[in-house]
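What follows is one structure encoded as structure tokens, with my remarks underneath.
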Amino acid sequence: MRIFTAVLVTFVFCAACSPFSKVLKSNDYDYKLRMADKYYASKDYTHAQELYEELFRVFKGNEHFEGIYYNFAYCAYNLKDYPNAENLFKGFVEVFPNSNKAEEMDYMRAFTFYKQSPQVNLDQTNTTKTIGFMQAFINTHPGSDKIKEANGIIDKCRAKLELKDFQNAQLYYDLGYFKAAGVACSSLMNSYPDSQSSDEYKFLIIRADYQYALQSVDEKKEERFEMVITQCNDFIDRFPDSRLNKSVQEYLSVSQNNIKTLKNEQAKKAS
């Protein structure tokens, strides 16, 4: 126990005597600023951030304040503290709207939401925010050299949201909620009319409507198989070159046969 205590005391003493500790205890703020910039340049963002946080208040309104604010924001970003970084990038633009760095900060604010965009199976609030803030950046800075990159990020985010919506529709189908699956896919097609996967979404509607018709009471089956036929014909018209056409033709044929069977059974009952 004595050995452990001695080691701990030695560690604390060494920490207190460390170069950074000496900087932290100094009352020379110009020296602290030079050291903060040195830590920042060497990518020691943890130590730089601690110093900038103190200097942020000391130099507020000073000629050095803009540079401190800029580096302080990037410390949070490089330490992956994206919510704090977003707040600092936003604050920079508000405090220095005419700065030559304002456009960059505006972009980085949007980019922090992109960095927080999670895997497709999780909540996509930050993905949606990324699209909104990137579009706002494009509208505010139409001549920026970041426009192409911003549009690329928007496309990636839209693709992620599209995939999540499709997975939700597929989940409804897998769980046997066929009507909900069809509605979800119809909404998906309306939201992404130019999607390269539109034929897949339409095919899931056909499959869902077919299963829904099968599970319906006899009085509703003919009407619902007719809906499947309508969906199949619409698919063939819209996607004549789709690899799924053969499968769609099969659903069309079996739905027509089911209607014939239903009508024959109705005729027998009537006679």
Item checked: Vicinal HN-Hα couplings computed from phi for the stretch 46-59 (Karplus, 6.51 cos²θ - 1.76 cosθ + 1.60; Hz; Gly/Pro x) -> 5, 5, 4, 4, 4, 6, 4, 4, 6, 5, 3, 7, 5, 9
Next item on the list: Along Cα→Cβ, 7 Å out, is where each label goes; now give me the distance between the ones at Asp44 and Asn139 in nm to one decimal.
Entry: 4.5 nm
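Per the helix-only calculation at 222 nm, which mean residue ellipticity applies to the chain, given -39500 (n - 2.57) for every DSSP H run of n ≥ 4 and division by its residues, nearest 500 deg cm²/dmol? Mind showing how you got there, number by number?
Numbers: 13 runs with 213 residues, N = 271.
So the calculated ellipticity at 222 nm is -26000 deg cm²/dmol.
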Margin query: Test of understanding: given the chain, find the longest segment containing no trypsin sites (Lys or Arg not before Pro) that are in a DSSP loop and have at most 12 other Cβ atoms within 10 Å.
Written below: 81-242
Item checked: Accessible carbon and sulfur surface of the stretch 133-203 relative to its total accessible area, %, 1.4 Å -> 51 percent
Note to self: So for the stretch 124-173, considering every pair of alpha-carbon atoms, how many percent are separated by more than 17 Å?
What the structure shows: 40 percent
Notebook entry, point to check: Using bins 10 angstrom wide from zero, how does P(r) for the stretch 10-98 break down, in % of all Cα pairs?
Noted result: 17, 46, 28, 7, 1, 0
Item checked: Percent of Cα pairs exceeding the 16 Å cut-off, where the set is the stretch 45-170 -> 64 percent
Check: What's the percent breakdown of Cα-Cα distances in the chain across 5 Å bins, shortest bin first?
Finding: 1, 5, 9, 10, 10, 8, 8, 7, 6, 6, 6, 5, 5, 4, 3, 3, 2, 1, 1, 0, 0, 0
Next item on the list: Convert 25 °C to kelvin, take the viscosity as 0.890 mPa s, use the Kirkwood radius over C-alpha pairs of the stretch 132-271 as Rh, and evaluate the Stokes-Einstein diffusion coefficient in µm²/s, rounded to a whole number.
Entry: 142 µm²/s
Next item on the list: Step through the table entries Lys43/Lys146; Lys32/Lys60; Lys179/Lys220; Lys115/Lys146; Lys25/Lys80; Lys32/Lys80, compare each Cα-Cα distance with 21 Å, and write down the pairs that go over it.
Entry: Lys43/Lys146; Lys25/Lys80; Lys32/Lys80
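The values are calculated or read from the model by the stated rules, or taken from the named source; none is laboratory data. Remember, it's a predicted structure, so these values are computed and weren't measured experimentally. Methodologically, a virtual Cβ is constructed for each residue, glycine included, from the backbone with ideal geometry; neighbour enumeration extends over all protein chains shown. For the accessible areas, the whole protein counts, side chains as well, though only heavy atoms, and no ligand, DNA or RNA atoms are used. Shrake-Rupley method; radii C 1.70, N 1.55, O 1.52, S 1.80 Å.
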